[in-house]
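All remarks here apply to the structure that follows.
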Amino acid sequence: MLLGLALLPLARPPLALRAVPLIIDTDIGGGGCRDVDDVGAICVANALADNGEAELLAIVQNTRPSEGAGVISVLNHWYGRDKLPIGAYREPHAPHQPPQIDPTQRIQKRFWDGDSLLPDPLSYVPDLVSNWPSQIKNSSQVDSAVDVYRRVLASQPDHAVVISSIGLLTNLEALLQSGPDGHSRLNGYDLFSRKVRLLSVMGGRYPNSSLGCECNFCAIYNGGADHGIASRAAAYVIAHLPPSVQVIYSGVEVGLEVQSGGRLSDCAPPANPCRQAYIDYEGGPRRSRYSWDPLTTLAAVRGVHAASCRECKGCDGFNMVNGTTGDNSWSRGTATNQSYLVLTDAKAAGEMLDQLMCQPPKRRLS
């Protein structure tokens, strides 16, 4: 299975090749699996778009904290893409009483979002939203992620779009379950099947989750408020993926070996919000972070081998997720449209990501 376009680092693709149409689906600093590597992924994607390798179509947020949309807007503004569509996750169920969370768990102060108690977003979220310029500050200012998905997908050629899923699979669940609307007469499953070429998913452990579920599939960490939502969504999406769409999973074990982001302290100016997010998260400069989401996004655009990875060998089969626990397992059998990444060179992967993050914006707005 060949994924993406295998290109040399920072090389501009031949004019005959179209930039990869890319949608990023991120939890961006909030929810049960919040981290800073989502920022790295968005900055990498913008750099790839500056190089002509990717065409950023939209970025959607798959968790509930409202300020996440503001962070996405800050990053897009830095790269001169204020007009890029942003979508926000909308909880489809009626509000309910907050869950009973073990008070002995050491998590940040929780807040009531009208649906459940959630841990506060990471420190870089209010910092960037309050202190960096952007057109959008919270999710009330953007459309729902499903509306953005359907509008953008309907406008694209068939079997062209690549999606980098780097958080909970809540938006993809809602998209697959959506009905026809003013954007398309197709239901969500058929629209996804017709328009999407590749789904690159950061989630799970491979070949199995014997060491425990991976956060994007279960969200049992940071208080566990997203656990039920995350597990249900992952199980539904992975069980309902159209066979026409190529799927590549990037397991927790892959990004865990790749470090990136620390170089931003020296290669980027203080005004760079990508730089500040890493400093806020790590509590100081020149500290790198695991690279789950940036690597997943890079592989989606440039291809597996260009991201210093390969697809697993002798692993024909498909992924399965338990809708209650979020545990995943790889069912071996005949060849399918699904596969998972195996890392080949962690150092080279990290250097490639840092190079892209350090790349100055080419069309920055004033």
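Computed over protein heavy atoms with a 1.4 angstrom probe, the accessible surface ordering of Ser130, Ser288, largest first, is Ser130, Ser288.
The ellipsoid equivalent to the alpha-carbon distribution of region 173-243 has semi-axes of 27, 15, 8 angstrom, derived from the gyration tensor eigenvalues as √(5λ) and listed largest first.
The alpha carbons of the chain give a radius of gyration and a Dmax of 18.7, 59 Å, in that order. Can you give the FRET efficiency for Met320 and Asp345, using 1/(1 + (r/R0)^6), R0 = 25 Å, r = Cβ-Cβ distance, to the nearest 0.05? Calculated transfer efficiency: 0.25. Based on Cα contacts under 8 Å between residues 6+ apart, the chain shows a relative contact order of 22 percent. Taking every C-alpha pair closer than 8 Å and separated by at least 6 residues, the mean separation divided by the residue count of region 246-366 gives a relative contact order of 33 percent.
For region 258-319, with all protein chains in place and a probe radius of 1.4 Å, 46% of the accessible heavy-atom surface sits on carbon or sulfur.
For the chain, the solvent-accessible area works out to 39 Å² per residue, with a probe of 1.4 Å and every protein chain left in place. Using the 4.7 Å Cβ rule, please list in number order the cysteines from the chain without any candidate partner. Taking the Cβ cut-off of 4.7 Å, the unpaired cysteines of the chain are Cys309. Between Asp266 and Thr334, the simple spin-label model (points 7 angstrom out along Cα→Cβ) gives 5.4 nm. With a bin width of 10 angstrom, please list the P(r) values of region 220-294 as percents of all Cα-Cα pairs, from the 0 bin to the one holding the largest distance. Reading the bins upward from 0: 16, 28, 30, 21, 4. Annotation: lysines with alpha-carbon distance below 29 angstrom to Lys347 (same-chain offsets under eight excluded): Lys313, Lys362. For a straight C-alpha distance cut-off of 15 angstrom, the aspartates and glutamates reachable from Lys137 (same-chain residues fewer than eight places away being disregarded) are Glu67, Asp82, Asp127. For the pair region 187-260 and region 27-51, the centres of their Cα atoms are 16 angstrom apart. For the peptides 216-224, 39-47, residues were scored by their other Cβ atoms within 10 Å and the scores averaged per peptide; the highest-first order is 39-47, 216-224. What FRET efficiency, computed as 1/(1 + (r/R0)^6) with R0 = 41 Å and r the Cβ-Cβ distance, is obtained for Arg286 and Asp190, rounded to the nearest 0.05? With a Förster radius of 41 Å, E is 0.25.
The Lys313 and Lys362 beta-carbon pair, evaluated with R₀ = 45 Å, returns a calculated FRET efficiency of approximately 0.70. Working from the pairwise distances between different alpha carbons, so that the mean of 1/r is found and then inverted, what is region 207-366's Kirkwood radius in Å? The answer is 17.3 Å.
The values are calculated or read from the model by the stated rules, or taken from the named source; none is laboratory data. In this text the structure is predicted, and so the values were computed from the model without any measurement. Because the Cβ atoms are built from the backbone with ideal geometry, glycine has one as well, and the counts that use them run over all protein chains shown. These area figures cover heavy atoms from the full protein model, side chains too; ligands, DNA and RNA do not enter into them. Shrake-Rupley method; radii C 1.70, N 1.55, O 1.52, S 1.80 Å.
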